[in-house]
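Student: Let me begin by handing over the structure; questions about it come next.
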Ligand code: C6P
């Protein structure tokens, strides 16, 4: 987009237009207006998403794929309609490539326990990076330990960017899978996954992308990325908790063994033989999370209404503004200063523990996250136990960032 086009888009973006859709943003905490800056942990939900969830329960609650009655058919249509919305949003080639899961963690485990189990043997290598969330470390570490395979880790520099040269040098015929985070939850770094996938494919190595933090902030096009698997959670992009997706390329999903056994994932069962259902149902055992799938479809509608490119541009403005504000604070150090970043600001303050920072800010109505953010190797890389993390959504404002900066000054005064 041209410079002019971009600034017009930004001028046109008014978070107040959307804030009214999020009732929770009007509440107070300890008598102060809530400033919700913990969107990377879980974003808030607009009324449109709550309505979709409620409407299913109020007027057509029923099981899917099982009944000939009207309610079941309506539920099935809405449930499968959500799959098509998700397919369209991430530009997958077929809705059969959209596997419903309970979230990013579940999606990654599905790949580790099926594809990983089938294809990784003693002496093979799996590559991940130093900035992965635990859910893209633990399943691979467990699998490698069980199989006698080797887990290789792409190092990161002080800014929190991947060492791509080291990555290229790690690739070999022994590499059986790469798991890489699209946007780091602890650092905010946006990784060049498209280029990394292209490098991996020179060796025919499949790449799984952890897209948990990318979905709310950037346009995701799985065909353009050419990734083999893409995992994400609904609650990070204005949908409900306990629901997510595994995108997988059709040929890979078809070769993979089922993950869990039960109803829905079979075509026929006898004591002699089980014939499994087709993709994606082969991976969706049991009664699914119907209301959450439908609500996720509504979250996609909402994202499309606001416009993901407008969201990305506005959040970038917030990031620039917030980075500047926090840099002006004496004794504050930003952890994660990559060139290409999403709207996440992790920081430490000289001599003040992040939990104390979080507690004082909470008293001011400011919700941030403190801790290791389920990314302990990142903390170890920087030699710190934890950070404080403010993460912005498109409903946040520059005034809220000012309040964050004021709150941090208060913390410093209190502890000095
Ligand atoms: N990160 C955060 O505060 P689940 O829990 O399955 O919905 O998502 C796991 C997950 C996987 N990858 C990344 C990059 C993530 O950020 C998360 C969730 C939250 O940063 C909770 S730890």
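The values are calculated or read from the model by the stated rules, or taken from the named source; none is laboratory data. All values reported here derive from a predicted model rather than from experimental measurement. With ideal geometry, Cβ positions are generated from the backbone for all residues, glycine too; neighbour counts draw on all protein chains shown.
Student: Quick one: how many residues across segment 21-55 are surrounded by 17 or more Cβ atoms within 10 Å (Cβ to Cβ) and out of contact with any helix residue (DSSP H, G or I) (no Cβ under 9 Å at 6 or more places or on another chain)?
Tutor: 1
Residues are listed down the side, and each one gets a yes or a no for (1) closer than 30 Å to residue 254 by Cβ; (2) outside the structural domain of residue 22 (by TED's automatic domain parsing); (3) crowded, with 20+ Cβ neighbours inside 10 Å; (4) touching a helix residue (DSSP H, G or I) at 6+ places or on another chain (Cβ under 8 Å):
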residue: 286; (1), (2), (3), (4): yes, yes, no, no
residue: 317; (1), (2), (3), (4): no, no, no, yes
residue: 325; (1), (2), (3), (4): no, no, no, yes
residue: 333; (1), (2), (3), (4): no, no, no, no
residue: 338; (1), (2), (3), (4): no, no, no, no
residue: 351; (1), (2), (3), (4): no, no, no, yes
residue: 382; (1), (2), (3), (4): no, no, no, no
residue: 388; (1), (2), (3), (4): no, no, yes, yes
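Student: Criterion first (away from the ligand (no atom under 13 Å from the Cβ) and in contact with a strand residue (DSSP E or B) (Cβ under 7 Å, 6 or more places away or on another chain)) does residue 230 satisfy it?
Tutor: On the way: away from the ligand (no atom under 13 Å from the Cβ): no; in contact with a strand residue (DSSP E or B) (Cβ under 7 Å, 6 or more places away or on another chain): yes.
For residue 230, the condition - away from the ligand (no atom under 13 Å from the Cβ) and in contact with a strand residue (DSSP E or B) (Cβ under 7 Å, 6 or more places away or on another chain) - is not met.
Residues checked against (1) touching a helix residue (DSSP H, G or I) at 6+ places or on another chain (Cβ under 9 Å); (2) at pLDDT 95 or above; (3) farther than 30 Å from residue 48 by Cα; (4) surrounded by 15 or more Cβ atoms within 10 Å (Cβ to Cβ):
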{"site": "222", "(1), (2), (3), (4)": "yes, yes, no, yes"}
{"site": "233", "(1), (2), (3), (4)": "yes, yes, no, yes"}
{"site": "238", "(1), (2), (3), (4)": "yes, yes, no, yes"}
{"site": "251", "(1), (2), (3), (4)": "no, yes, yes, no"}
{"site": "266", "(1), (2), (3), (4)": "yes, yes, yes, yes"}
{"site": "275", "(1), (2), (3), (4)": "no, yes, yes, no"}
{"site": "298", "(1), (2), (3), (4)": "yes, yes, no, yes"}
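Student: Being closer than 24 Å to residue 342 by Cβ and surrounded by fewer than 19 Cβ atoms within 10 Å (Cβ to Cβ): is that true of residue 305 here? Please lay out each step first, then the result.
Tutor: On the way: closer than 24 Å to residue 342 by Cβ: yes; surrounded by fewer than 19 Cβ atoms within 10 Å (Cβ to Cβ): yes.
When the stated conditions are applied, residue 305 passes them.
Student: Of all residues in segment 131-154, which are touching a residue at least 40 places away in the same chain (Cβ under 8 Å) and crowded, with 21+ Cβ neighbours inside 10 Å?
Tutor: Hits for segment 131-154 are 131, 132, 133, 135, 136, 137.
Student: With the structure loaded, tell me whether residue 364 is on the phi < 0 side of the Ramachandran plot and crowded, with 16+ Cβ neighbours inside 10 Å or whether it fails that test.
Tutor: In short, yes.
Student: Based on what the data block shows, is residue 345 crowded, with 18+ Cβ neighbours inside 10 Å, more than 22 Å from the chain's Cα centre (by Cα) and in contact (Cβ under 8 Å) with a residue 24 or more places away in the chain? Outline the logic, then answer.
Tutor: Values: crowded, with 18+ Cβ neighbours inside 10 Å: yes; more than 22 Å from the chain's Cα centre (by Cα): no; in contact (Cβ under 8 Å) with a residue 24 or more places away in the chain: yes.
For residue 345, the condition - crowded, with 18+ Cβ neighbours inside 10 Å, more than 22 Å from the chain's Cα centre (by Cα) and in contact (Cβ under 8 Å) with a residue 24 or more places away in the chain - is not met.
Student: Out of all the residues in segment 254-272, which are under 24 Å from residue 111 (Cα atoms), assigned to a loop (DSSP other than H, G, I, E, B) and either over 26 Å from the mean Cα position of the chain (by Cα) or without any contact (Cβ under 8 Å) to a residue 24 or more places away in the chain (or both)?
Tutor: 261, 262, 263, 264, 265
Student: Here's another thing I want to ask about it. If the requirement is being in contact with a strand residue (DSSP E or B) (Cβ under 9 Å, 6 or more places away or on another chain), surrounded by fewer than 16 Cβ atoms within 10 Å (Cβ to Cβ) and modelled with pLDDT of 95 or more, which of these qualifies: 84, 58? Walk me through how you get there before you give the answer.
Tutor: Details: 58 fails: in contact with a strand residue (DSSP E or B) (Cβ under 9 Å, 6 or more places away or on another chain).
Of 84, 58, the one residue that is in contact with a strand residue (DSSP E or B) (Cβ under 9 Å, 6 or more places away or on another chain), surrounded by fewer than 16 Cβ atoms within 10 Å (Cβ to Cβ) and modelled with pLDDT of 95 or more is 84.
Student: Now, a different point. Quick check, is residue 345 under 19 Å from residue 218 (Cβ atoms) and not in a helix (DSSP H, G or I)?
Tutor: When the stated conditions are applied, residue 345 passes them.
Student: Search segment 359-403 for residues being more than 29 Å from residue 162 (Cα to Cα), assigned to a helix (DSSP H, G or I) and in contact with a strand residue (DSSP E or B) (Cβ under 6 Å, 6 or more places away or on another chain), and hand back the single one that is nearest to the ligand (Cβ to nearest atom).
Tutor: The extreme case among them is 400.
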